[in-house]
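Down below is the structure, laid out as structure tokens.
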Amino acid sequence: MLKNGSQTSARGSAKRQPRSQRGPYAPGVQRRQELLEAVLRIVASHGVAAVTHRAVAAEAGAPLRATTYYFATKEAMIRDAFRFFAEQSILQIDEASGRYLDRDVGPEDAVALIFETVVKESRNPNTSWAAEFELVLAIAREPSFAPEYRAFQDRLDEGLQLAMRRIGSRHPARDARIVLAFLRGFELEQLSRPERKTWQRRMKADLAGLITALVAGSDPKP
């Protein structure tokens, strides 16, 4: 977020994630992505427990043999869905932050960028909040999923720290944690109140107040 030199490294780290993809051909890449998109839709609607080879094939409109070809086990599908979710989210952030790389930025720019990426997440089924929270809950039942999500969180934290540093924060690590916690809390609240249609205006105002206070705030007491 408001990335500078780290934009390329974040994108590169996403590409370096191991894949279970077989074959170099574009149709295979597209089919694998369609299956991962289907996994995320199932996770968002019914939870991780509903993910099976048969369910994913039906959701994607693909033959069952396609899911077993790309993913040997259910766990492999979920793990790769973690990675795909992270890649899509980081790409959205990179696209938005590109406008801010070569100029000075202030708190209002950080608010605009973060708000834009949150709205994009809410509209993109590949980065839906429901899918993300369901994937996080899956870690409690299957700790082996944790590294994928931790790598994603680390990249978000790195980007937020850089953003806070660029807009004048004296405590970028602390402020990044606070902003990320605010975003996660706001998203969870919105999921519990889907009837609320004015969340964008409220979130932008609250985010602006938080970032302004963090940048202008005094040093924390020991």
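The values are calculated or read from the model by the stated rules, or taken from the named source; none is laboratory data. A quick note: this is a predicted structure, and the numbers were derived from the prediction, not measured. Every residue, glycine as well, gets a Cβ built from its backbone with ideal geometry; the counts of neighbours run over all protein chains shown.
For the stretch 54-66, the set of residues classified as surrounded by 19 or more Cβ atoms within 10 Å (Cβ to Cβ) and more than 15 Å from GLN30 (Cβ to Cβ) consists of VAL56, GLU59, listed by residue number.
Could you list all residues from the stretch 15-43 that are over 19 Å from LEU91 (Cα atoms), loosely packed, with under 10 Cβ neighbours inside 10 Å and at pLDDT below 50? Result: PRO24, single match. Would you call PHE145 part of a helix (DSSP H, G or I), in contact with a helix residue (DSSP H, G or I) (Cβ under 6 Å, 6 or more places away or on another chain) and over 19 Å from GLU116 (Cα atoms)? It is true that PHE145 is part of a helix (DSSP H, G or I), in contact with a helix residue (DSSP H, G or I) (Cβ under 6 Å, 6 or more places away or on another chain) and over 19 Å from GLU116 (Cα atoms). Of all residues in the stretch 90-104, one or more are surrounded by fewer than 21 Cβ atoms within 10 Å (Cβ to Cβ), closer than 28 Å to VAL51 by Cα and in contact (Cβ under 8 Å) with a residue 40 or more places away in the chain. Applying the set (1) hydrophobic (A, V, I, L, M, F, W, C); (2) under 22 Å from LEU36 (Cα atoms); (3) under 13 Å from the mean Cα position of the chain (by Cα) to ILE114 leaves exactly one unmet item: (2). Within the stretch 112-132, residues that are surrounded by fewer than 18 Cβ atoms within 10 Å (Cβ to Cβ) sit with their Cβ atoms under 7 Å from residues that are among the aromatic types (Phe, Trp, Tyr), at 6+ positions apart or across chains, in these pairs: SER122/TRP129. Of all residues in the stretch 35-76, those satisfying the criterion of being in contact (Cβ under 8 Å) with a residue 40 or more places away in the chain and not in a helix (DSSP H, G or I) are GLY47, PHE71, ALA72. Taking the criterion of being at pLDDT below 90, in a helix (DSSP H, G or I) and among the hydrophobic types (A, V, I, L, M, F, W, C), the only residue of the stretch 94-136 that qualifies is ALA96. Among the criteria (1) closer than 21 Å to TYR100 by Cβ; (2) without any contact (Cβ under 8 Å) to a residue 60 or more places away in the chain; (3) over 19 Å from the mean Cα position of the chain (by Cα), the one ARG166 does not fulfil is (2). Within the stretch 157-176, the set of residues being among the aliphatic types (A, V, I, L, M) and either farther than 27 Å from PHE82 by Cβ or buried (at least 19 other Cβ atoms within 10 Å of the Cβ) (or both) comprises LEU160, LEU162, ALA163, MET164, ILE167, ALA176. Go through the stretch 159-193 residue by residue and tally those that are closer than 24 Å to LEU91 by Cβ and acidic (Asp, Glu). Result for the stretch 159-193: 1.
Taking (1) basic (Lys, Arg); (2) without any contact (Cβ under 8 Å) to a residue 40 or more places away in the chain; (3) outside any helix (DSSP H, G or I) in turn, ARG150 satisfies each apart from (3). The residue that is surrounded by the most Cβ atoms within 10 Å (Cβ to Cβ), among those in the stretch 192-206 that are at pLDDT 90 or above and either touching a Phe, Trp or Tyr at 6+ places or on another chain (Cβ under 6 Å) or of a type in the set (Ser, Thr, Tyr) (or both), is MET203.
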